[in-house]
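Undergrad: Sending over a structure as structure tokens; questions will come in a sec.
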Amino acid sequence: MRIENGDLKEVIRKVVNETAIVDVHTHLFNPSFGSLLLWGIDELLTYHYLVAEVMRYLTMPYERFWELSKKKQADVVWNTLFVDRSPISESTRGVLTVLNSLGLDVSSRNLESYRKFFENQEVERYIDSVFKLANIKYIVMTNDPFVDEERKVWLESYKDDPRFKSALRIDPLLNKWLESYKKLASWGYNVGEKIDSKTLSEIRNFLSDWIERMKPVYMAASLPPTFHVPEDSVRSVIVEKAILPVAQEHDIPFAMMIGVKKLTNPALKLAGDSVGRTDMGTVEYLCRNYPKNKFLLTVLSRENQHELVVVARKFRNLHVFGCWWFLNNPSIIEEMTNERVEMLGLSFTPQHSDARVLDQLIYKWKHSKEIITNILAKKYSQIVDNGWKLSEEEIRRDVRILFGGEFEEFLKRKF
Ligand code: RAT
Ligand code: ZN
């Protein structure tokens, strides 16, 4: 059945809501990681996106805030951002979307009643209801073997859960070599501070061991705006001589998340990172010189977004994903997604949630689906105006491609 222009938006909305999502980057953990999986109202309120916002209104020393219990911190955030002011920023609106979608009375502004609701949830069942509400097929975790608490689970008690796939995150290897080589040595790898051929071969062994253990969908690192390859630096050599050969051998992509200025304000901890523009020449160099490697890419600076799309047009071994962190705001998602559709068609993954708290899957996806629906409605109606006919099945196919289909195809392709 062909769809008339007038019905388009409603059909797209229905299809977008009915299509199960592959969430390609989150910070969630499967239940075998125990307390590493965050959920509930106090976690939602103390999300670092909200901490950065609340601090703008407070005068107490930063350390005083950090010394408070999680519940007290959540009280401060609630009172400052939801009671004394209206919650219209994206992150505060997100909390309301979560509460509302869970059927709670947002108008009551009764924090204690929200706490009670979450206290009564059983985690396994609650994961299922959140996945159902957001319509998630599976999510990809962020798994860092340098984090002791997490490493212990992998070594001792990890249980596979098909709803949660893994990603091997290796930031410390690339960004803190002077600390991480000591850890590698303490785990039995024969490495030294100097990056010679023996050390590189041991880094490759370390990566292969963890790939075999985690079976990750990809290897990933968040990188500073100054990320440059090639250059005479430990980071650049490790990328070219360890990460890329191992990624190719195991046929997994290297995901680069570029543009983070770590701890611009250290007192804010996780909320203290900032953004900087990067030189996309590095991405071009890597895609051109390693055509058999696959790269996933997201960049943090809005100023880099147009170049990023152009680079993606040039290299089929590059897959662009998501509107990351400071870009995950409606006005910017709209701009970036339009730009990407216009130059890449359907050959990218428009969004990932980056959820750190389980319940955030609900709002992050609800807000983005709204924008993606509007963009598709506009683009489809333009081709319908040209006489093109569309069926619901074709729309369903396209949305599947955007919500994980193209990502999964990219993982399968061999170059
Ligand atoms: O978006 C975030 O929560 C950031 O703190 C980062 O974790 C970022 O997404 C990353 O993966 O490094
Ligand atoms: Zn992230």
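The values are calculated or read from the model by the stated rules, or taken from the named source; none is laboratory data. From a predicted model like this one, the values you see are computed outputs, not experimental measurements. Heads up, the Cβs are rebuilt from the backbone with ideal geometry, glycines too, and the neighbour counts pull from every protein chain shown. Calculation scope for accessible area: heavy atoms of the full protein, side chains included, ligands and nucleic acids excluded. Shrake-Rupley method; radii C 1.70, N 1.55, O 1.52, S 1.80 Å.
Undergrad: Between residue 120 and residue 67, what length comes free when the chain is fully extended (0.36 nm per residue of separation minus the Cα-Cα distance, one decimal in nm)? Walk me through the numbers before you get to the answer.
TA: Working: separation 53, 0.36 × 53 = 19.08 nm, distance 2.72 nm.
Difference between extended and current length: 16.4 nm.
Undergrad: Using heavy-atom solvent-accessible surface (probe 1.4 Å) with all chains present, what is the largest-first order of 385, 359? Before the final figure, lay out the partial values.
TA: Values: 385 115, 359 0 Å².
If we order 385, 359 from most to least accessible, we get 385, 359.
Undergrad: Just to be sure I understand: with springs between alpha-carbon atoms less than 10 Å apart, which residue in 247, 377, 267 has the highest mean-square fluctuation in the Gaussian network model of the chain?
TA: Sorting by GNM fluctuation, first place goes to 267.
Undergrad: Also: What are the aspartates and glutamates whose alpha-carbon lies under 18 Å from the alpha-carbon of residue 176, with same-chain residues fewer than 8 places away excluded?
TA: 144, 148, 193, 196, 202, 231, 232, 240, 273
Undergrad: Quick check: at a probe of 1.4 Å, how many percent of the accessible area of the chain sits on carbon and sulfur atoms? The partial results should precede the final answer.
TA: Details: 9130 of 18480 Å².
Its accessible area is 49 percent carbon and sulfur atoms.
Undergrad: Put a dot 7 Å past each Cα toward the Cβ at residue 292 and residue 59; how far apart are the dots in nm?
TA: 6.4 nm
Undergrad: Nearest 5 is fine: what % of DSSP beta bridges in the chain come out antiparallel, could you say?
TA: 15 percent
Undergrad: Which length gain, in nm to one decimal place, applies between residue 415 and residue 100 when the Cα-Cα distance is subtracted from 0.36 nm times their residue separation? Mind showing how you got there, number by number?
TA: Values: separation 315, 0.36 × 315 = 113.40 nm, distance 4.60 nm.
Result: 108.8 nm gained on full extension.
Undergrad: Which of rounded, prolate or oblate describes the chain when judged by the alpha-carbon gyration tensor and an a/c cut-off of 1.5? All intermediate terms of the calculation are to be shown ahead of the outcome.
TA: Values: a/c = 1.64, a/b = 1.10, b/c = 1.48.
Verdict is oblate for the chain.
Undergrad: Given a cut-off of 31 Å, name the pairs among 132/241; 70/182; 262/366 whose C-alpha atoms lie farther apart than that in the structure shown. Walk me through the numbers before you get to the answer.
TA: Details: 132/241 42 Å; 70/182 33 Å; 262/366 29 Å.
Over 31 Å Cα-Cα: 132/241; 70/182.
Undergrad: Now, a different point. Please give the peptides 172-183, 66-77 ranked by average Cβ packing (other Cβ atoms within 10 Å per residue), highest first, as a rough proxy for protection. Kindly include the intermediate steps, with their values, before the conclusion.
TA: Numbers: 172-183: 17.3, 66-77: 15.4.
So the peptides 172-183, 66-77, ranked by packing, come out 172-183, 66-77.
Undergrad: So, one more: Would you work out the relative contact order for the chain, in percent, from Cα pairs under 8 angstrom that are 6 or more residues apart? Mind showing how you got there, number by number?
TA: Details: 624 pairs, mean separation 96.0, N = 415.
Answer for the chain is 23 percent.
Undergrad: Only residues of the stretch 246-271 count here: report those whose backbone N is under 16 Å from the spot 7 Å along Cα→Cβ of residue 315, or say none.
TA: Within reach of a label on residue 315, which here means backbone N under 16 Å from a point 7 Å along Cα→Cβ, the stretch 246-271 contributes 246-248, 252-259.
Undergrad: Okay, helix-only estimate at 222 nm for the chain: each DSSP H run of n ≥ 4 adds -39500 (n - 2.57), divide by all residues, round to 500 deg cm²/dmol; what do you get? Let's see the in-between values first.
TA: Values: 20 runs with 200 residues, N = 415.
For the chain, the value works out to -14000 deg cm²/dmol.
Undergrad: Just flag the trypsin sites (Lys or Arg not before Pro) in the stretch 358-399 sitting in loop per DSSP whose Cβ has no more than 16 other Cβ atoms within 10 Å.
TA: Values: sites: 364, 366, 369, 378, 379, 389, 396, 397; in loops: 389.
In loop regions of the stretch 358-399 (DSSP not H, G, I, E or B), the sparsely surrounded trypsin sites (Lys or Arg not before Pro) are 389.
Undergrad: At a Förster radius of 35 Å, what calculated FRET efficiency corresponds to the Cβ-Cβ distance of residue 179 and residue 84, to the nearest 0.05?
TA: Numbers: r = 41 Å, r/R0 = 1.18.
My answer for the efficiency is 0.25.
Undergrad: Using 0.36 nm per residue, how much length does the chain from residue 265 to residue 343 gain when fully extended, once their Cα-Cα distance is taken away?
TA: Between residue 265 and residue 343, full extension yields 24.4 nm more.
Undergrad: If you find the alpha carbon centre of the stretch 58-88 and of the stretch 339-380, how far apart are they in angstrom?
TA: Centre-to-centre (Cα) distance: 30 Å.
Undergrad: Shifting gears a bit: Roll a 1.4 Å probe over the protein chains and send me the accessible area per residue for the chain in Å². Write down the numbers at each step before the final one.
TA: Working: 18480 Å² over 415 residues.
About 45 Å² of surface per residue is accessible.
Undergrad: Along the Cα-to-Cβ line of residue 146, 7 Å from the Cα, sits a label point; which residues in the stretch 242-279 have backbone N less than 13 Å from it?
TA: 262
Undergrad: If you don't mind, there's one more thing I want to ask. Let me check against my output: what whole-number percent is the relative contact order of the stretch 347-415, with C-alpha pairs under 8 Å and at least 6 apart?
TA: Working: 23 pairs, mean separation 37.2, N = 69.
About 54 percent, as a whole number.
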